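Structure, as structure tokens:
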Amino acid sequence: MRTTAAVVCLGAALALAGCSRGEEPAGDDESGRTEIAPEGDALEIEALDDLGGGETYSDEVLSIAVPEGMTASATPAGGGTSIQLRAAGAPRAAVIVTVTPQEPANPDAVDAASAAAAAQLGASGVVDDLERVPATWSAVPYAVAATYTIALEGAEPLDGLLVTTHNEAETYLVAVSTEAPQGELLSSPGYDALRTLTLKD
């Protein structure tokens with residue numbers, strides 16, 4: 001079914017955003033930045049300490065606030081871990097965090113991983129208005145954001161945000177995504193939860 005394929009594709013894109021390895025992107029200038037570095041105006045993400053309620057998911061890699069009415073579950077994914085924040089009975093997770101160990105997990109690796117994930121999303125057939133830009137976020141050393149609209153069969157379109165980053169020690173890549181009804185992303189519980197993400201080490 002098209003809907004199932006789209007969900008699998010998005011999940012694969014999120015996993016890919018955290019496990020692009022073994023390929024060294026070609027540099028395009030003496031600065032060492034790559035041809036797949038994002039372009040355009042930076043998306044500013046304002047870090048948030050907590051949500052003023054609910055619980056916090058925490059492991060050896062990260063912590064993230066869980067909005068009231070949602071639960072967090074962690075499962076193995078592509079050599080790393082996928083954490084989903086989901087409301088009871090909801091067909092889709094409000095937030096997905098994918099963590100994959102990699103060395104070096106540096107800005108070039110983030111660029112490559114985010115470009116691969118964006119390509120996967122773009123090829124899904126259900127994603128429109130895909131844009132990949134730099135992100136400024138005080139909680140992380142470097143980040144790239146992909147914004148998009150996803151229209152699954154039989155459902156209202158959703159606005160989506162996928163942010164790819166790395167930890168300070170450059171030992172793992174992290175991809176975090178959230179979706180909300182069109183026009184409501186920046187005021188959604190999922191986006192607020194994303195803003196509480198803290199990477200350890």
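Since every read-out is calculated from the coordinates, none of them should be taken as a lab result. Everything numeric here is computed off the predicted structure, so don't read it as measured data. Positions of Cβ are generated from backbone atoms using ideal geometry, with glycine treated the same way; all protein chains shown enter the neighbour counts.
Remarks
- Residues Ala169 and Ser58, FRET efficiency given R0 of 22 Å [Cβ-Cβ distance, rounded to 0.05]: 0.80
- Whether region 84-152 is rounded, prolate or oblate, judged on the alpha carbon gyration tensor where a/c under 1.5 counts as rounded: oblate
- For Ala87 and Asp201, the FRET efficiency from 1/(1 + (r/R0)^6), where r spans their Cβ atoms and R0 equals 25 Å, is about 0.25.
- Rotationally averaged projected area of region 63-182 (alpha carbon convex hull; nm²): 7.8
- Amide hydrogen neighbours beyond the local backbone of Ala77, cut-off 5 Å, H modeled: Ser82
- R0 of 30 Å, Cβ-Cβ distance Thr136-Asn106: FRET efficiency to nearest 0.05: 0.95
- Across all C-alpha atoms in region 44-101, the radius of gyration and Dmax reach 11.9, 33 Å.
- Highest-first packing order for the peptide set 92-99, 176-183, 153-160 is 92-99, 176-183, 153-160, based on the mean count of other beta carbon atoms within 10 Å.
- Residue-span extension gain [Asp50 to Gln182] - 0.36 nm each, minus C-alpha spacing: 45.1 nm
- Beyond 23 Å, the tail of the calculated P(r) for region 116-201 holds 24 percent of the Cα pairs.
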